[in-house]
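Scroll down for the structure; my scribbles are underneath it.
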Amino acid sequence: MRLRAAALAALVLLSGCGSTSDDEATPAESGGVTGTVTVFAAASLTESFTTIGEQFEQKNPGTTVTFSFAGSSALATQINEGAPADVFASAAPKNMDAVTSAVTPTTFAKNQLVIAVAKGNPKGITGLAGLTGADLKVALCAEAVPCGAAAETATEAAGVTITPVTLEQDVKAALSKVKLGEVDASLVYRTDAKAAAADVDAVEFPESEKAINDYPIAVLKEAKNPVGAQAFVAYIGTDEAKAVLTEAGFQAP
Amino acid sequence: MTRRTRVPVPLLVPAALGLVFLVLPLVGLLARTPWSTLPQRLAEPEVAMALRLSMLTSTLATLLCLVFGVPLAWMLARVEFPGRRLVRALITVPLVLPPVVGGIALLLALGRRGLVGSWLDENFGFSLPFTTAGVVVAEAFVALPFLVISVEGALRGADTRYEEAAATLGATRWISFTHVTLPLVAPGIAAGGVLCWARALGEFGATITFAGNFPGVTQTMPLAVYQTMESGDLEGAVVLSLILLAVSVTILAALRDRWLTTP
Amino acid sequence: MTGHLVDARLQVRRGTFALDIALRIQPGETVALLGPNGAGKTTALRALAGLTPLSGGHLTVDGHDLDHPEKKTWVPPEQRPIGVVFQDYLLFPHLSARDNVAFGPRRHGVDRRTAHATADRWLERVGLADHGRRKPRQLSGGQAQRVALARALALDPALLLLDEPLAALDARTRLETRAELNRHLTAHPGAALLVTHDPLDALVLADRLVIVEDGRVVQEGDAATITARPRTDYVARLVGLNLYRGRGDGHTVEVAGGFALTTTDTVHGEAFVAFPPSAVALHPHRPDGSPRNTWSATLTDIQRHGDNLRVRLDGPINVAADITPAAAAHLELEPGRELWVAVKAAETRAYTA
C-alpha cells in the first residue's frame, strides 16, 4: 500500500499541489511521466539517489532514470557546456548558482563532515586537531568541490591548519584513499563514511556544525524531459525518498 | 620539374577528413582562448610549477622506460622463451586498461597497503603515492608499452646478421648489443622514446589516482587543467591546455628534426 | 696432430636437410666449397664460424676443439680464431671504414689508438688508405668488399671464411677485385675457405676444390683433376663437359640402354666418359669415315654461348654441342630437326668411377 501511496504522491506533486503526502488521493493511471530522466548528481548522492531512482522507476512504469555522479563543480561545468541533463542535484549552493539554467532550486538535504579513518581508528584520531601531525597523511577535497570548501570552513572554525598530501576531485576519491589505506584520514561527508562503513570509521567533530552543506536540486531549463524532471524533483520531497536520504545519513533541510 | 603524383580520391577524401577530425578540436580550443588575459595567466606561478613538474616527470618517466623497455623489447625480439606471446600480450595491457584502473592497480601493488608497497613502507618507511616519484611511476606504467612496441618493431626490422658479423669479430652478445644493435635501431628507439614522452606528458588518470593531486608535488599540467576546469574556470583550463600543447609541439618538432629523420 | 690447420667433420641436421662433409685445410691453403644453391655451402660456413652449432662430427682449428657435440665442447663465435667476409659484407653502417676494421682488434682488448693504427695499415694494404673516414654507404661495392676483407684479416684469423665474396659485384669490378682477392689470399698465412657457386672464382682463387651437392661432398681435388674428370652432372656442367656413367670394357663404355661410346682410354668396370661440347660435330646426313661414335639425334634447344651457339640434342644419350653460327646456318638448325652426331674417340676421356 505504501508503494502506491508514494506513487500517488508523486503524481499529486507533479500536478503542482505541493503537498508532500496525500493518502487520500485516488488511483490514477498515468500522470504522463514517461521516457528517460537524466539526473546529474553530486558524488555524495551516489548510493541514496540510486535507490531513490529505482523506487521512482517502480512508481512510474516506463520511466528510466539515468544518473551521472561526479564532483558538483565538474557537473556544473558540463551542464553549462550543454550536457543533456534534466535535473541537477548539487552538494553546495555555490555550484548550483554556477549553473545558469537551473530553475528555482530547492534545498532537499543537508550533510556534514566527519573524519573518515581506517577501521578501528588505528591512529586514535579524535578531532581536527589530530590531523595536523606531520607523520599523518590526510586527503582533502579540492577547494572547488563542496566537500573541499566545507573542509576549509571547518578547519578555519577550528583554528587548525591541515597540510594534505592530495587534493581530490570529489568526495568519493578522497574516501577511497582512506579505504585503500593510502592516507590515514580524510574529511568526507557523514553519508559517504556511512556508505563505506564496512571499510572506514567516522569520527565526528564539533566544528562540522559550522560547515553544513545544503544540497539544492533543480529542474534545468533545457530539460529534454521536463515532465519527468519535475516528477523526479517532486519525488525527492516524498517521505519515502526522505527516508532513504535519512538512512544514508543526510539531515532534513 | 618534379613529377606530380595524382592522389586517388578514395584516399584523398578520408585522409582530409581524418586531418580535419584531428585539427577541429584544436581549433575549438583556440577559438575559446582568452588571448587578452593570456600573458597574466602565463605569469601565474602555479602554471610554471605544473609545467616544470610535467616536463620533469615525463622526462624521468621516459628515461625509466628506456632503461627497462629497451632490454624488454630486445628479449621479445631476439630471445625465444616459453610464454613469449603471453608476455607480449601483457605488455599491451596498460594500453587497453583505463588509466584510472591502472592507477588503482598501481595502488594495490605499490601503495602503502599494496603487495610490494607495504613491504617498502614497513622496511624503509617509503611510499610512492603522493610523491613526485609516484607521478613518474604512474606515467612510466602507462607509457612503457609505447616504447616497447616501437623498439621491438625496430629490432625485428634490423638485420640480425650484423650481430653475427660482430660475433665473428670477437664481440660478445652484450658488446654486440651496445656497439652494433643499439646504433642500428637508434632511430626506432628515438621514435619510441618520443612517443613514450608524449604519452607520459599527457598522462592524467593513472597519475591522479596513484599519485594524487597536490600543486608542486604531484599536480602535473593535465591535473592542473582538470582542476581548473573543475573549479568552473573553463578559460583557465583552455589556457593551460594551450601552454601544454605549445611546449610539447615545440619540443617534438625540435626532436623530429634532430632525431626522427633518416638521412 | 694431423698437420692440418683445420680438421672438420661438419654434421648439421635441419628439418629434412642433412649436411655431412669432411674438410681438411692446411696452413696457407685456400679451399673452395663449390656447389649449387641449397647444397649446404652456407650452412657449412656458418657451422665453421660458430653461427650454427654442429649436431654431430667435430671442428678442430689449430689443435683446439671448437665444436664437438659428443664431448659437449662448443666455443662461441666471438672466441674462435675465425674471420668471415660475408656475402653482402655487413659493414656496420654507423661506423666509418676505419672503425669497421678496428672493431675486431678493439674487441680483443687492443686500445683505441693501436686498433686504429692496425686498421689504417690494413686499409692501406687493400688500397683504401684515404677512405678510412668514409661511411659504408659512401663506398662503392668493390671498396666495401675490400673493407670487409680488411676487417676480417685485421684479426689474423687462423681460418678465413669468404661467403660468395664477389657475387654482389658487377662484372668489371669483379674481375679487378678477384685478382686483388687472390693476392691477399696468397699472402694470408692461415687457412681460407671460399664458398661460391661460381666455378671461375673457385678456379682462380682456390688451391683445391671441394664440391658439395645435397649436403655431401661429391668430388674433391685440384682444379685440373676436376675439370678433366668430373664425377657428377653438376660438376660436368660447371666445367662445361658432357658426362656419362656406365660400364667400361676396354675401349668401350656402355652407357644407357646398351648404347656404347668408344674411347681411346682403357677402362674396366664402373666408369665415366666425358668430352667437351666443342668435340661434338653435327651432320645433316650420316657421316662416313673415321669418327667411331655416331648416332642420330633430335635438336631440342639452341642458345648463344660466347661467340658460338650451344645446341642440345636428345637421342640415345643427351648431348650438348658447340657450333659456329656459320655451321648453324648451313645446317638450318631449328628445334625438332633430325641430325647426326659424331664424336671422335680421341676427344673423349674415360676414367673409373
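The values are calculated or read from the model by the stated rules, or taken from the named source; none is laboratory data. As the structure is a prediction and not an experimental result, all values here were calculated from the model. Note that we place each Cβ from the backbone using ideal geometry, even for glycine, and neighbour counts take in every protein chain shown.
Looking at residue C:151, is it in a helix (DSSP H, G or I), assigned by TED's automatic domain parsing to the domain that holds residue C:192 and surrounded by fewer than 24 Cβ atoms within 10 Å (Cβ to Cβ)? So residue C:151 does not fit the description; no. Can you go through C:96, C:55 and tell me which one is surrounded by fewer than 23 Cβ atoms within 10 Å (Cβ to Cβ), of a type in the set (Gly, Ala, Ser), more than 22 Å from the chain's Cα centre (by Cα) and more than 14 Å from chain B (Cβ to nearest Cβ)? Answer to the selection: C:55.
Listed by position, the helices (runs of 4 or more DSSP H) contained in the stretch B:93-173 that have at least 2 residues being more than 24 Å from residue A:178 (Cα to Cα) and in contact with a Gly (Cβ under 6 Å, 6 or more places away or on another chain) are B:132-157. Taking interchain pairs and intrachain pairs at least six residues apart, which have beta carbon atoms under 6 angstrom, with the first residue in the stretch C:302-327 and more than 25 Å from residue C:255 (Cα to Cα) and the second assigned to a loop (DSSP other than H, G, I, E, B) and of a type in the set (Ser, Thr, Tyr)? From the stretch C:302-327, the pairs are C:308/C:324.
Going by what's in this entry, would residue C:181 be described as touching a helix residue (DSSP H, G or I) at 6+ places or on another chain (Cβ under 7 Å) and assigned by TED's automatic domain parsing to the domain that holds residue C:44? Against the criterion (touching a helix residue (DSSP H, G or I) at 6+ places or on another chain (Cβ under 7 Å) and assigned by TED's automatic domain parsing to the domain that holds residue C:44), residue C:181 qualifies. For residue A:241, the conditions (1) touching a helix residue (DSSP H, G or I) at 6+ places or on another chain (Cβ under 7 Å); (2) closer than 19 Å to residue A:42 by Cα; (3) surrounded by 24 or more Cβ atoms within 10 Å (Cβ to Cβ); (4) not assigned by TED's automatic domain parsing to the domain that holds residue A:67 all hold with the exception of (4). Among the residues of the stretch B:106-159, those identified as among the β-branched types (Val, Ile, Thr) and either at the interface with another protein chain (Cβ under 10 Å from one of its Cβ atoms) or closer than 22 Å to residue B:62 by Cα (or both) are B:131, B:132, B:135, B:136, B:137, B:142, B:148, B:149, B:151. Against the test of being within 28 Å of the chain's Cα centre (by Cα) and without any contact (Cβ under 8 Å) to a residue 12 or more places away in the chain, the options B:43, B:61 yield a single qualifying residue, B:43. Considering only residues in the stretch B:223-236 that are more than 7 Å from every other protein chain (Cβ to nearest Cβ) and either part of a loop (DSSP other than H, G, I, E, B) or touching a helix residue (DSSP H, G or I) at 6+ places or on another chain (Cβ under 6 Å) (or both), the one that is modelled with the lowest pLDDT turns out to be B:233. Can you confirm whether residue C:295 is without any contact (Cβ under 8 Å) to a residue 60 or more places away in the chain, out of contact with any Gly (no Cβ under 8 Å at 6 or more places or on another chain) and of a type in the set (A, V, I, L, M, F, W, C)? The answer is no for residue C:295. Exactly one residue among C:239, C:343 is under 24 Å from residue C:224 (Cβ atoms), at pLDDT below 85 and touching a helix residue (DSSP H, G or I) at 6+ places or on another chain (Cβ under 9 Å), and that residue is C:239. So, residue C:108, is that one within 14 Å of chain B (Cβ to nearest Cβ) and out of contact with any helix residue (DSSP H, G or I) (no Cβ under 8 Å at 6 or more places or on another chain) or not? Yes; evaluated as a whole, the condition is true for this residue.
Scan the stretch B:172-193 and give yes if some residue there is under 30 Å from residue A:96 (Cα atoms), facing another protein chain (nearest Cβ under 10 Å) and over 17 Å from the mean Cα position of the chain (by Cα), otherwise no.
No, the stretch B:172-193 contains no residue that is under 30 Å from residue A:96 (Cα atoms), facing another protein chain (nearest Cβ under 10 Å) and over 17 Å from the mean Cα position of the chain (by Cα).
Go over the candidates C:129, C:150 one by one and state the one that is within 14 Å of chain B (Cβ to nearest Cβ), over 15 Å from residue C:30 (Cα atoms) and aliphatic (A, V, I, L, M). It is C:150.
Comparison of B:33, B:37 shows that the only residue that is in a loop (DSSP other than H, G, I, E, B), at pLDDT below 90, closer than 30 Å to residue A:81 by Cα and not small (Gly, Ala, Ser) is B:33.
One line per residue, one yes/no per condition, for (1) buried (at least 20 other Cβ atoms within 10 Å of the Cβ); (2) within 14 Å of another protein chain (Cβ to nearest Cβ); (3) within 20 Å of residue C:4 (Cα to Cα); (4) touching a residue at least 60 places away in the same chain (Cβ under 8 Å):
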site	(1), (2), (3), (4)
C:35	yes, no, no, yes
C:41	yes, no, no, yes
C:61	yes, yes, yes, yes
C:68	no, no, yes, no
C:78	no, yes, no, no
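Selection of the stretch B:174-222 for residues being aromatic (Phe, Trp, Tyr) and part of a helix (DSSP H, G or I) yields B:174, B:177, B:197, B:210.
Residues considered: C:107, C:146, C:112. Of these, the only one that is surrounded by fewer than 22 Cβ atoms within 10 Å (Cβ to Cβ) and either farther than 21 Å from residue B:158 by Cβ or touching a strand residue (DSSP E or B) at 6+ places or on another chain (Cβ under 9 Å) (or both) is C:112. Answer yes if at least one residue in the stretch B:222-234 is touching a Gly at 6+ places or on another chain (Cβ under 7 Å) and among the charged types (D, E, K, R), and no otherwise. Yes.
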